[in-house]
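Accompanying notes for the structure given below.
The values are calculated or read from the model by the stated rules, or taken from the named source; none is laboratory data. Source: prediction; values computed, not measured. Cβ coordinates were reconstructed from backbone atoms using ideal geometry, including for glycine residues, and neighbour counts include every protein chain displayed. The area values use the complete protein model at the heavy-atom level, side chains included, leaving out ligands, DNA and RNA. Shrake-Rupley method; radii C 1.70, N 1.55, O 1.52, S 1.80 Å.
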Amino acid sequence: MKLLSLLLSQFTGMWLVLTHTFSKADTVQYPEQKPALFPRYRGRIVLTRDPDGQERCVACNLCAVACPVDCIALKKTEDDDGRWYPEFFRINFSRCIMCGFCEEACPTYSIQLTPDFEMCEYNRQSMVYEKEDLLIDGTGKYHDYNFYRVAGKSIGGKDKGEAENEAAPIDVKSLMP
Amino acid sequence: MNGVGSIINIFAILLVAVGIAAYLTWLERRLIGIWQDRLGPNRVGPLGLGQVVADMVKIFFKEDWIPPFADKPVFILAPAIIMTTAMLSFAFIPYAPDIGVIDLNIGLLFVLGCTSLSVYAAVLGGYASQNKYALMGSLRAAAQTVSYEVFMGLALMGVVMLSGSFNLREIVEAQQDGWFCVSQFFAFLVFMVAAVAETHRTPFDLPEAEHEIVAGFHTEYSGMKFGMFFVGEYLSVLFSSVLVVVLFFGGWLGPDFLPPLAWMALKTFGFVCVFILLRAALPRPRYDQMMSFGWKVMLPVSLINLLVTGGVALWLGT
């Protein structure tokens, strides 16, 4: 009896496979048909700007630390206003695995992954993107966020206590509350 | 010049058999693709038919490497054996009333002999490779062939009893009143299972089970020698389908609106598709399961079938 049911299961398996003759193929024939990519698809990495058009990246190095394949290299520098920004920012896309850890680590929403994966190159060196290749003009996924407008750090034109929702700094030398 | 055994027949059968065997690779990939909700190779040429040519060009230009530790003459001989036996067996098949190479009185025995000889390719190839995986594969091939050959032959004895002949052409002509797949249904099932095992295809591809023993007996083969093993396997798939049609499905017999050869080709195509469906649908059994299935299920079934067939044939006095 057990043997018969085993034999029967072989035939039901074959029948199930045979019914798939009439089901539609899931294949996306790529170069002609483009796959549907969602807004949060993890593809090519960009550096975004804040709504004022300034670079969001403050060169904190958290993305480089989070990167499991160490494909991000950058160096911090500072402008005359006291804003931090990367002197150079380099991503080696031949190593990048599009894991998105850098985006999660970024405190200023600067580094973001985009729904674009078509970055093949004939020359290996062309896979290394410099800052001018990475920097885009827009704000990416977060349109209103401006790090220096909400952060307590003083820069030229915005002193301590002048940021959004920030109380004036406490005078620690005074006894008044 | 036309007729059984003419030069035209010989060369046409040889070329068509090898050509179809090459195109079976394409058919198998497309069909398995369809059954797995994919498309399969569809880029090269119309419907992807040029894929076969592209693969052939590639395999001809690949390095044909013989390992320094291999037994060189035997290593070269093995792929030749599988091609020779596979192509030789096509000579004894009657394809249509006047198409065939030779009609032997003992055609069926000769065909069984040829399929048994093809195991030497696996055994010698595995032995000559001096590789433990290859040796495992050829041991499995030998044991599998020995055990499945037994009831493959026994299953066919029922057909021989009913038709009263070992001549394949007479076996086909004996099916005028009814195909043997009805009266010899269990023999047909047993023969199908044995044919899958003989051709070393999934679900009985244990000699080359790639998840267990790399690629089995052809682990060390590359280039055109591997290609010959590959084409040899597809030749034997084609041959098994042809043999099933001849023995159980009335060969070229069929209604008159199609020529006999077309009936033969249609039925054979159907069975090739069944072979591919088996590969697409069934998982590979464990080695001991396969052996015990052979000896404990298939052998008794074929023996009982033989006994009943003999008894009924005697009782009816045919």
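Okay, here's what the table says:
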quantity	calculated
Single match in A:Y122, A:Y129 (criterion: free of Cβ contacts under 8 Å to residues at least 24 places away in the same chain and among the aromatic types (F, W, Y))	A:Y122
Residue that is least open to solvent (accessible area, probe 1.4 Å), among those in the range B:44-86 that are charged (D, E, K, R) and either closer than 24 Å to B:L14 by Cα or in a helix (DSSP H, G or I) (or both)	B:D55
Residues of the range B:93-150 classified as assigned to a loop (DSSP other than H, G, I, E, B) and open to solvent by less than 20 Å² (accessible area, probe 1.4 Å), total	4
Sole residue being touching a Ser or Thr at 6+ places or on another chain (Cβ under 6 Å), open to solvent by 50 Å² or more (accessible area, probe 1.4 Å) and within 14 Å of chain A (Cβ to nearest Cβ), chosen from B:R38, B:R29	B:R38
Among residues of the range A:30-55, those that are surrounded by 11 or more Cβ atoms within 10 Å (Cβ to Cβ) and within 12 Å of chain B (Cβ to nearest Cβ), counted	0
Yes/no for B:Q51 being more than 30 Å from B:N167 (Cβ to Cβ) and in contact with a Phe, Trp or Tyr (Cβ under 8 Å, 6 or more places away or on another chain)	yes
Cross-chain or 6+ apart pairs with Cβ under 9 Å, the range A:82-94 first and of a type outside the set (D, E), then open to solvent by 70 Å² or more (accessible area, probe 1.4 Å) and part of a strand (DSSP E or B)	A:W84/A:K76; A:W84/A:E78; A:Y85/A:K76; A:Y85/A:E78; A:P86/A:K75; A:P86/A:K76; A:F88/A:K75; A:F89/A:K75
Count of residues meeting criterion [open to solvent by 90 Å² or more (accessible area, probe 1.4 Å) and part of a loop (DSSP other than H, G, I, E, B)] in the range A:99-120	2
Of the criteria (1) closer than 26 Å to B:A134 by Cβ; (2) within 14 Å of another protein chain (Cβ to nearest Cβ), which one B:F60 fails	(2)
When residues of the range A:19-29 are limited to those that are among the β-branched types (V, I, T) and within 29 Å of the chain's Cα centre (by Cα), the one farthest from the other protein chains (Cβ to nearest Cβ)	A:V28
Residue count for the range A:134-151, restricted to those that are hydrophobic (A, V, I, L, M, F, W, C), over 14 Å from the mean Cα position of the chain (by Cα) and assigned to a loop (DSSP other than H, G, I, E, B)	1
Residue check for B:D64: out of contact with any helix residue (DSSP H, G or I) (no Cβ under 8 Å at 6 or more places or on another chain) and touching a residue at least 12 places away in the same chain (Cβ under 8 Å)	no
Considering residues of the range B:269-318 that are outside any helix (DSSP H, G or I) and more than 13 Å from chain A (Cβ to nearest Cβ) only, the residue modelled with the lowest pLDDT	B:T318
Any hit, the range A:75-87, residues being aromatic (F, W, Y), away from every other protein chain (no Cβ under 13 Å), open to solvent by 40 Å² or more (accessible area, probe 1.4 Å) and outside any helix (DSSP H, G or I)	yes
Within the range A:1-18, tally of residues that are surrounded by 13 or more Cβ atoms within 10 Å (Cβ to Cβ) and either away from every other protein chain (no Cβ under 14 Å) or among the small types (G, A, S) (or both)	1
